[in-house]
Amino acid sequence: MQLSMWTYEGPPHVGAMRIAASMEGLHYVLHAPQGDTYADLLFTMIERRPSRPPVTYTTFQARDLGASTADVFKSACHDAVERFQPEALLVGASCTAELLQDDPGGLAKTLELDIPVVPLELPSYQKKENWGASETFYRLVRAFAGNRQRSETIQPNSCNILGPTSLGFRNRDDIREISGLLRENGLDVRIVAPLGARPADLARLPEAAFNIVLYPEIAETAARWLQKAHNMPFVSTVPIGVEATQRFIGEARALAGLEETPLTGVETDRLSWYSKSIDSNYLTGKRVFIFGDATHAIAAARIASRELGFKVCGLGTYMREFARDVRAAAQAYNVEPLITDDHLQVEEAILEARPELVLGTQMERHIAKRLRVPCAVISAPVHVQDFPARYSPQMGFEGANVIFDSWVHPLMMGLEEHLLSMFRDDFEFNDDAAASHLHAHSPAQADTPVKAVVPDASTAQDTAISLSEAPSLWTDEAERELKKVPFFVRGKARRNTETFAADNGIHPITVETLYDAKAHFAR
Amino acid sequence: MNQTFRPGCERSATIRERGQHEVFCGLTSIIWLHRKVQDAFFLIVGSRTCAHLMQSAAGVMIFSEPRFATAIMEERDLAGMADMHDELDGVVEKLLARRPDIKMLVLVGSCPSEVIKFDLGKAAERLNRHYAPKHRVICYSGSGIETTFTQGEENFLAALVRDEPDAGKSQDSAKLVVAGCLPDVVEDQFQRLFKDLGIDGVHFLPGRTSAAMPKIDRSTRFVLAQPYLGAAAQALESRGASRINAIFPLGEEGTTAWLKAIADAFEVSEERFETVTAPARKRAWAALSHYRHLLSGKRVFLFPDSQLEPSLARFLAREIGAQIVEVGSPYLHREHVAGELALLPPGVALSEGQDVDRQIDRCRAADPDLIVCGMGLANPFEAEGRLTKWSIEFAFTPIQGYEQAGDLAELFARPLVRRNALSGKPATEEGASCS
């Protein structure tokens, strides 16, 4: 039994729903009690989907338990096929129905439906949402592409894109970006699945030369099976960031035998130049804490470190299935990997790491907001505002541009920092006046109730995340001198000085200590 | 599966359906219960689905540490590799160490815990031996196989009433218990009205803290502030309290009728009742008049959600002149809502339970001007060009009492105002803004 206040992932049948809702012509009959229909609102509210997800819930009740919940399932299944006329049916059980052991697959078989039925076994008490999505996609691919013969003549530049789903982080825009990029570079993109595909499209997957796995959490299992069953290789480099996008296109072109022609698309990369421009000098060494699904977290760490010049001070994932990859990446940045689905543990790790920027999920956004640390969302689970109206991919060169904007804007920009220090003695200018561009992203003061561990809100910028200082550590004079340090670096100055004092057994901290520490930490 | 029947006392046939219910389960009522009783913590004994439901339905991702959580059952619990009672004790220990300020721990049963017949009563008894009186432990079921949305509150209140006998022996017994969660602001308004009517010894159930439990006995009268409290009413009656029968305090008419029933039970004179309520009634009518022109004659279809639907329909029909096409309710407590049903205009279709696909068919065929429905259905209807109002707002917004009558009308008017604004129609009257 696990105590949970907040979960990063839903149950596995929600993963199956994401696959069903991604595809056309597919319907999912879920053996489930009243209440499980809440999952519909993930699609209709968070993603603003204009139609109900293609799911029928059997809604069995306590009084059915004594009689026959199996009959309830059968009639729901029959009615759903008649009403929605799907091309194929998924059947399965939610956590409660799993305990009843009604065997939805077997029951559906007795109905002798004239459409393919794919039964799902998703152990709710062991597995979670992403696993459920991956398993469902794999089962579907196997069911429809299993008995296909691969043709002798296959276009070498033909490929499929696997993995994008409903409720995936920016998947809608990633597909457009990556499909366009691949086409520009001479590739023939055939099927994109599961998002937008029909069951019959899955049968045509083996007609392409190779697969591209954009989201390994969803599609790696299916791609591995296609490799084994149909000898289809797959590209597994995830094109998030400029460097990875270039490598990704290179790999795809190599598989297609297109190495000779020049690579296009890179001219739309602005991240690289923006990152070199002098304004970005101020980004150097900013401490960034990263947490999310494995793919986005690992990619974020790589971009943060190599493309933006940040310092990765924490890296983790809630997906144990991909713990090994995240551990390897963490080692490269010399940080302790954090593999957990307990958000309280993540909060502790963030406090410990004292980042200047948090890149995470919706949950880390809230943690960062409470701690008054700038934050950007990089991974599911996300909320309604992470399905923006504008085109806003994460992948490809345009994705890298979007990432530059969304990670750098919450921070103080270089020119602005420069002007701030110039004007800091002006009577109209004070520490409480945040920079003009910060309102949209940065934590507003007193926006959310602050727990007792968080310091006085009026000095938020100053003491953001620095929670330990007792006033008696500093002499009054040293405290006054510290106030002369521009507020946006004051937190760091305070931290460094206190670390220096603690390391050297100095108490109290005087003006002298402040400048000794400054010299000590000078870069 | 549909059967139509016509009991003698009812004006219209009831469509009874069983099929897919697009309604939350009883766990969802924890969203307002935990805000109401501020020293209580609700621990669901359930699955990952329960935890996911709670955070999705409430949008509670905003609070990183709310006063509810889920003890998620895992494979080893079900396979018997771990003793679930020991496991639960471990979870509770961890929780109370983290939140020592919690005075009342509420164990909440779920679909999976009910199906495996996990004995929460036994667990509560054992935990009470260990933690009471510092932390009192009670339990109830909010499982979807037995309860819909608001019935979770019903079971919670019943558990509170049943648990009380040892508490508060020294205090005077309550003269009037107002049962059913009301927002604090509404409670305060009612409390002032009761004082002006000369009724004292009034207690609200649940109280704002777990210790605020009134003493209930044969001298206690109670009135329901919400229509979904069958089990809670039974629990109060079994303690000797007697129910004051009334319609529910929604709108001016509902509030007046509700207060009048109470006033009559306490023998408040007609004059005094008139003097006390007249100014508030006048204000309520003034507020309603801002919206009546927007909603008058509009055809409204209500999907089942909170069991408030018959009261909402009565308000819409009688106070702002809307036409009601169908009133759905997940469950109808015949006795408690008899007064409401009697006030519905003839010809209104009433449905209990749900087969959501058939109901959507009926709704499309009727082509109403406004559809009151849950969040799973609202955007799909909007995408078809139909106007909707999220029903969950009626459970979360202060709508009861005189001072909220206008706000209640505004909730229905807002989608219409918005459509006008977006279609470039002339600006609507003042008071119809969407602030």
Problem - Qualifying position, being modelled with pLDDT under 95, at the interface with chain A (Cβ under 7 Å from one of its Cβ atoms) and closer than 30 Å to B:A349 by Cβ, among B:Q20, B:Q3, B:Q55 - result: B:Q20
Completion exercise
Being under 30 Å from B:G406 (Cβ atoms) and touching a helix residue (DSSP H, G or I) at 6+ places or on another chain (Cβ under 6 Å) narrows B:G142, B:G152 down to just B:G152
Practice task
Look through B:E87, B:E146 and report the one residue that is charged (D, E, K, R), at the interface with chain A (Cβ under 10 Å from one of its Cβ atoms) and without any contact (Cβ under 8 Å) to a residue 60 or more places away in the chain.
Solution key: B:E87
Problem - Sole exception among (1) modelled with pLDDT of 95 or more; (2) in a helix (DSSP H, G or I); (3) in contact with a Phe, Trp or Tyr (Cβ under 7 Å, 6 or more places away or on another chain) for B:F42, by number - result: (2)
Fill in the blank from the handout: the stretch A:352-438: helices (runs of 4 or more DSSP H) wholly inside it with 1 or more residues that are touching a strand residue (DSSP E or B) at 6+ places or on another chain (Cβ under 6 Å) and modelled with pLDDT under 95 are A:362-371
Handout entry: Residues located in the stretch A:87-110, provided they are on the phi < 0 side of the Ramachandran plot, outside any helix (DSSP H, G or I) and modelled with pLDDT under 95
Key = A:D102
Problem - Criterion (within 13 Å of another protein chain (Cβ to nearest Cβ), more than 30 Å from A:S379 (Cα to Cα) and not charged (D, E, K, R)) met by exactly one of A:V55, A:V72 - result: A:V72
Handout entry: Criterion (touching a Pro at 6+ places or on another chain (Cβ under 6 Å), of a type outside the set (F, W, Y) and farther than 15 Å from A:M23 by Cβ) met by exactly one of A:A93, A:A145
Key = A:A93
Fill in the blank from the handout: Selection over the stretch B:367-379 where residues are closer than 16 Å to B:R419 by Cα and either part of a helix (DSSP H, G or I) or within 10 Å of chain A (Cβ to nearest Cβ) (or both) yields a count of 2
Exercise for the section: Evaluate the stretch B:255-267: report whether one residue or more is among the hydroxyl-bearing types (S, T, Y) and surrounded by fewer than 16 Cβ atoms within 10 Å (Cβ to Cβ). Expected result: no
Practice task
Kindly indicate whether any position in the stretch A:79-86 is part of a loop (DSSP other than H, G, I, E, B) and either of a type in the set (V, I, T) or within 8 Å of another protein chain (Cβ to nearest Cβ) (or both).
Solution key: no
Practice task
Would you check if A:L42 is surrounded by 20 or more Cβ atoms within 10 Å (Cβ to Cβ), within 8 Å of chain B (Cβ to nearest Cβ) and in contact (Cβ under 8 Å) with a residue 60 or more places away in the chain?
Solution key: yes
Fill in the blank from the handout: Here the residues within the stretch B:97-126 that are within 14 Å of chain A (Cβ to nearest Cβ), under 21 Å from B:E74 (Cα atoms) and not β-branched (V, I, T) are B:L107, B:G109, B:S110, B:C111, B:P112, B:S113, B:E114, B:K117, B:F118, B:L120, B:A123
Handout entry: Matching entry among A:M1, A:M5 (being in contact with a strand residue (DSSP E or B) (Cβ under 6 Å, 6 or more places away or on another chain), facing chain B (nearest Cβ under 9 Å) and touching a residue at least 24 places away in the same chain (Cβ under 8 Å))
Key = A:M5
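Out of B:A257, B:A246, B:A212, which single residue is farther than 30 Å from B:L105 by Cα, among the small types (G, A, S) and either assigned by TED's automatic domain parsing to the domain that holds B:I320 or not in a helix (DSSP H, G or I) (or both)?
The match here is B:A246.
Test of understanding: among A:A254, A:A301, which residue is outside any strand (DSSP E or B) and in the same structural domain as A:E336 (by TED's automatic domain parsing)?
Just a single option satisfies the conditions, and that option is A:A301.
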Exercise for the section: Mind listing whichever residues of the stretch B:345-366 are of a type in the set (V, I, T) and either at positive phi or more than 13 Å from every other protein chain (Cβ to nearest Cβ) (or both)? Expected result: B:V348
Exercise for the section: Name every residue in the stretch B:387-397 that is outside any strand (DSSP E or B) and at pLDDT below 95, in order of residue number. Expected result: B:S391, B:I392, B:E393, B:F394, B:A395, B:F396, B:T397
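From the list B:M54, B:M104, which residue is without any contact (Cβ under 8 Å) to a residue 60 or more places away in the chain and of a type outside the set (G, A, S)?
Result of the check over B:M54, B:M104: B:M54.
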Exercise for the section: Please specify each residue of the stretch A:63-106 satisfying the condition of being surrounded by fewer than 20 Cβ atoms within 10 Å (Cβ to Cβ) and of a type in the set (D, E, K, R). Expected result: A:R63, A:D64, A:D71, A:K74, A:D79, A:E82, A:R83, A:E87, A:D103
Problem - Identity of the residue in the stretch A:183-215, over 24 Å from A:A88 (Cβ atoms) and touching a helix residue (DSSP H, G or I) at 6+ places or on another chain (Cβ under 6 Å), that ends up surrounded by the fewest Cβ atoms within 10 Å (Cβ to Cβ) - result: A:N185
Completion exercise
Checked against (1) in contact with a Pro (Cβ under 8 Å, 6 or more places away or on another chain); (2) buried (at least 24 other Cβ atoms within 10 Å of the Cβ); (3) away from chain B (no Cβ under 14 Å); (4) of a type in the set (A, V, I, L, M), A:L359 satisfies every condition except (1)
Problem - Residues (in contact with a Ser or Thr (Cβ under 7 Å, 6 or more places away or on another chain) and facing another protein chain (nearest Cβ under 8 Å)) located in the stretch A:11-38 - result: A:P11, A:H13, A:P33, A:Q34, A:D36, A:Y38
Fill in the blank from the handout: Pairs returned, first residue in the stretch B:410-431 that is of a type in the set (K, R) and modelled with pLDDT under 95, second residue that is part of a helix (DSSP H, G or I) and surrounded by fewer than 18 Cβ atoms within 10 Å (Cβ to Cβ), beta-carbon separation under 9 angstrom, 6 or more apart or interchain, are B:K425/B:R419
Practice task
Report, by residue number, each residue of the stretch B:336-386 that is over 24 Å from the mean Cα position of the chain (by Cα), at pLDDT 95 or above and under 19 Å from B:G297 (Cα atoms).
Solution key: B:C363, B:R364, B:A365, B:A366, B:D367, B:P368, B:D369, B:R386
Problem - Selected residue [in the same structural domain as B:I31 (by TED's automatic domain parsing) and in contact with a Phe, Trp or Tyr (Cβ under 8 Å, 6 or more places away or on another chain)] from B:A69, B:A124 - result: B:A69
Problem - Members of the stretch B:215-224 that are assigned to a loop (DSSP other than H, G, I, E, B) and touching a helix residue (DSSP H, G or I) at 6+ places or on another chain (Cβ under 8 Å) - result: B:I216, B:T220
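The values are calculated or read from the model by the stated rules, or taken from the named source; none is laboratory data. Quick caveat: nothing in here was measured; it's all calculated off a predicted structure. Note that each Cβ is placed from the backbone with ideal geometry, even for glycine, and that neighbours are counted across all protein chains shown.
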